[in-house]
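Here is the structure we will look at, set down as structure tokens.
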């Protein structure tokens, strides 16, 4: 029945009188009690003049800990990606031929949030569902677990336990919709609203969007974060983009216009001289984390890239350092079966406990009903010419400016 409803909606939306209007279908709206379980639409249904075949397919997973997880799979004719509304609108993976954005986590399947206890393992429970290519961290806080102060319901200062990377990645979306542009460039957009709100606590609303055009090797993630409270609210957001094979391998390289790189702790300091080079899997290796500030062009835009050892496969991400001024490189070169992965993570702060980051002015605030916007453009490259051209873009942003490499870790007080 739900599948039939989705087909009827798609058919009604393509009337000649609305030929120039985009196709739009709401898949989830908790306030209106709207829910469509399955949806399948293609270029033949909506954009018959589009020269590139594309499709959008929404379905629900079953079995084990993935029971009830919703997935929206987009194929733009060149690349494919999967959005997971049940897990905060995370993106499971992106595929373009033999190039994959993603990694092989020990956690198999997309874990429904109902099976996640964020407080287990001293606040590391987030890791029991961690296997996506891109997961947002936040919104009230992100970073390392630990304690911090908050104002309780009596107006007094009290202690609270902060869990690893916050709650938003394990919060199902309250509203989800698909929007297709009927005219060139026939953009495909998946939008979702994820709320993090409670009485006597944060009232944060995040509208997420991932957008691509048929036949393109690029896509864009653009988010709007709003404080729905009548009082000022601290917040934090970090885009945890994770890469394993084929991009992360011995000899792979992180390329960026780095202004300053600082190890997050003493252990990471031992590897700071090769922060941008990747090594073969090493069983039992303890992770290295590096905190970066980046150079940008005159408009405040910057660009970073991860390329493989042969320099013929790469991914680039471009964004504004005015929106996301801090960047974390997480290197976890353990054995493949233990989760060989690196994270490239632009954010509003570094990946440390909020109580520490606040001391250094890296916990921003939103005024009542104020919004902040965050946009990241991703591009996938194949062939040495494409990879070299993208690397040259980064050289142009650097413009000959030097990198400061700190031997000592970030201070904690």
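Throughout, read-outs are computed from the coordinates displayed, never taken from laboratory work. What you see is a predicted model, and the numbers here were worked out from it, not measured in a lab. A quick note on method: Cβ atoms are made from the backbone with ideal geometry, for glycine too, and the neighbour counts reach across all protein chains shown.
Roughly how many whole Å is it from the C-alpha centroid of the range 386-404 to that of the range 350-367?
30
Please work out the FRET efficiency for the pair residue 384 and residue 95, using the Cβ-Cβ distance as r and a Förster radius of 22 Å; give the result to the nearest 0.05.
Values: r = 21 Å, r/R0 = 0.95.
Efficiency computed from Cβ-Cβ geometry: 0.60.
If N is the number of residues in the range 112-262, what value comes out of its Cα radius of gyration divided by 2.2 N^0.38 Å?
For the range 112-262, the normalised Cα radius of gyration comes out at 1.25.
Apply 1/(1 + (r/R0)^6) to the Cβ-Cβ distance of residue 260 and residue 372, taking R0 = 35 Å, and write down the FRET efficiency to the nearest 0.05.
0.90
Would you mind calculating the relative contact order of the range 45-113 from Cα pairs under 8 angstrom and at least 6 residues apart, reporting the percent as a whole number?
Result for the range 45-113 is 25 percent.
From a point 7 Å beyond the Cα of residue 57 in the direction of its Cβ, which residues of the range 78-96 have a backbone N at a distance under 16 Å?
Residues 78-84, 92-96 qualify, since their backbone N sits under 16 Å from the label point.
Using a Förster distance of 30 Å, how high is the FRET efficiency between residue 279 and residue 108, based on the Cβ-Cβ distance and rounded to 0.05?
So, using R0 = 30 Å, E works out to roughly 0.75.
Along the Cα→Cβ direction, 7 angstrom out, place labels at residue 218 and residue 34. What is the inter-label distance in nm?
3.1
Within the range 22-66, list the residues whose amide N lies under 17 Å from a label point set 7 Å along Cα→Cβ of residue 73.
37-43, 53-63, 66
Over the chain, what is the relative contact order in percent, taking alpha-carbon pairs closer than 8 angstrom and at least six residues apart? Each step should come with its number before you reach the end.
Values: 1095 pairs, mean separation 63.2, N = 413.
Contact order relative to length: 15 percent.
Per residue of the chain, what 222 nm ellipticity follows from adding -39500 (n - 2.57) for every DSSP H run with n ≥ 4, rounded to the nearest 500?
-3000 deg cm²/dmol
Once you have the Cα-Cα distance between residue 49 and residue 270, take 0.36 nm times their residue separation minus that, and quote the gain in nm to one decimal.
Between residue 49 and residue 270, full extension yields 73.9 nm more.
Can you list the residues of the range 366-397 with backbone N under 19 Å from a point 7 Å past the Cα of residue 310, pointing along Cα to Cβ?
380-391
Using 7 Å Cα-to-Cβ label points, what is the residue 301/residue 232 separation (nm, one decimal)?
Going from the residue 301 label point to the residue 232 one covers 3.3 nm.
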